[in-house]
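Here the structure is laid out as structure tokens; the discussion comes afterwards.
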Amino acid sequence: MGIYVEWVMSNPLLSAFIQFGILGTLGEVASHALVMRRLGLPCTKGRLVLKVLAWGVLGVVVKFGFTGIKGFTHAVQEGGYLPSFMASGLGHAFAVSLMANFFFGPQMMFFHRLEDNLIMREWNFKGMDMALKSLMWFWIPAHTVTFALPPAFQIGLAALWGVVLGFILGFAKSKAATQEMGLAPAVN
């Protein structure tokens with residue numbers, strides 16, 4: 001674990017790029033496999049390489065975003081605009097997560113969709129409503145945990161959360177597709 005921490009602290013942007021490149025792509029491939037109910041790639045191998053690069057760029061964007069939003073949250077706290085329980089510990093982690101997901105999350109999601117649209121050579125914003133809703137039900141709680149950890153682990157966990165969300169959304173899409181085909185009863 002010490003080697004990982006030293007690597008992340010010595011190479012913050014490179015480590016963000018690599019972690020997001022690998023884990024973000026893994027989440028996308030896993031989601032695709034769940035939806036299709038078979039192993040396979042969501043695109044051609046050439047486009048997959050571009051997706052790895054796009055996820056890596058997103059990792060760098062997230063690293064800058066996390067750094068900036070922590071400063072923003074501190075300034076808001078110092079200005080007396082947040083309740084005192086958000087000054088430290090889990091309350092502070094929650095405050096940073098709220099700020100990150102309200103002020104940074106939507107723009108980051110649209111940026112990533114633009115990256116994906118360029119790679120896939122399409123103009124598709126289908127599913128963005130669910131992506132934006134995930135800020136509330138998934139990303140705020142997940143990043144509360146993320147920001148409760150030491151900084152060396154935050155980007156890695158954020159990338160890992162992307163894999164988790166890929167599984168959740170892939171499972172949900174797979175279940176919905178099964179119900180649409182009449183292969184499983186609808187759950188009310």
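The values are calculated or read from the model by the stated rules, or taken from the named source; none is laboratory data. Just so it is clear, the model here is predicted, and its values are computed rather than measured. Positions of Cβ are generated from backbone atoms using ideal geometry, with glycine treated the same way; all protein chains shown enter the neighbour counts.
State whether one or more residues within region 38-50 are touching an Asp or Glu at 6+ places or on another chain (Cβ under 7 Å) and within 24 Å of Met120 (Cβ to Cβ). First the steps, then the outcome.
Initial filter on region 38-50 (touching an Asp or Glu at 6+ places or on another chain (Cβ under 7 Å)): 42.
Remaining after also requiring within 24 Å of Met120 (Cβ to Cβ): 42.
Yes, some residue in region 38-50 is touching an Asp or Glu at 6+ places or on another chain (Cβ under 7 Å) and within 24 Å of Met120 (Cβ to Cβ).
For (1) in a helix (DSSP H, G or I); (2) surrounded by 13 or more Cβ atoms within 10 Å (Cβ to Cβ); (3) out of contact with any strand residue (DSSP E or B) (no Cβ under 7 Å at 6 or more places or on another chain), each residue gets a yes or a no:
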| position | (1), (2), (3) |
| --- | --- |
| Trp123 | no, no, yes |
| Lys133 | yes, no, yes |
| Val145 | yes, yes, yes |
| Val163 | yes, yes, yes |
**OP:** Starting from region 124-139, keep only residues that are at positive phi, then list their pairs with residues that are part of a helix (DSSP H, G or I) whose Cβ atoms are within a distance under 9 Å, requiring at least 6 positions of separation or different chains.
**Re:** Gly127/Arg113; Gly127/Leu169
**OP:** Would you check which residues across region 103-132 are modelled with pLDDT under 95 and either of a type in the set (Lys, Arg) or in contact with a Ser or Thr (Cβ under 8 Å, 6 or more places away or on another chain) (or both) and list them?
**Re:** Lys126
Subject >> Subset of region 58-68 that is in contact (Cβ under 8 Å) with a residue 40 or more places away in the chain and not charged (D, E, K, R) - its residue that is surrounded by the most Cβ atoms within 10 Å (Cβ to Cβ) >> reply: Gly59
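Ser31 - would you say it is without any contact (Cβ under 8 Å) to a residue 12 or more places away in the chain and hydroxyl-bearing (Ser, Thr, Tyr)? Give the derivation first.
Details: without any contact (Cβ under 8 Å) to a residue 12 or more places away in the chain: no; hydroxyl-bearing (Ser, Thr, Tyr): yes.
Judged against the criteria, Ser31 is not a match.
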Subject >> Pairs, first farther than 21 Å from Val145 by Cβ in region 158-177, second at pLDDT below 85, C-beta under 8 Å, six or more apart >> reply: Lys175/Ala184
**OP:** With the condition kept exactly as written, say whether any residue in region 70-80 is under 24 Å from Phe104 (Cβ atoms) and modelled with pLDDT under 95.
**Re:** no
Original post:
What residue, of Leu13, Leu90, Leu26, is surrounded by fewer than 20 Cβ atoms within 10 Å (Cβ to Cβ) and touching a residue at least 60 places away in the same chain (Cβ under 8 Å)?
Top reply: Leu26
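Among the residues of region 31-57, count how many are surrounded by 13 or more Cβ atoms within 10 Å (Cβ to Cβ) and either over 23 Å from Ala158 (Cα atoms) or at pLDDT below 95 (or both). Reasoning before the result, please.
Start the filter on region 31-57 by keeping residues that are surrounded by 13 or more Cβ atoms within 10 Å (Cβ to Cβ), which leaves 31-36, 41-43, 47-57.
Going one step further and asking which of them are either over 23 Å from Ala158 (Cα atoms) or at pLDDT below 95 (or both), we end up with 31-36, 41-43, 47.
Result for region 31-57: 10.
For Phe138, are the conditions met, namely being surrounded by fewer than 19 Cβ atoms within 10 Å (Cβ to Cβ), within 22 Å of Phe17 (Cβ to Cβ), of a type outside the set (Gly, Ala, Ser) and under 13 Å from the mean Cα position of the chain (by Cα)?
Details: surrounded by fewer than 19 Cβ atoms within 10 Å (Cβ to Cβ): yes; within 22 Å of Phe17 (Cβ to Cβ): no; of a type outside the set (Gly, Ala, Ser): yes; under 13 Å from the mean Cα position of the chain (by Cα): yes.
So Phe138 does not fit the description; no.
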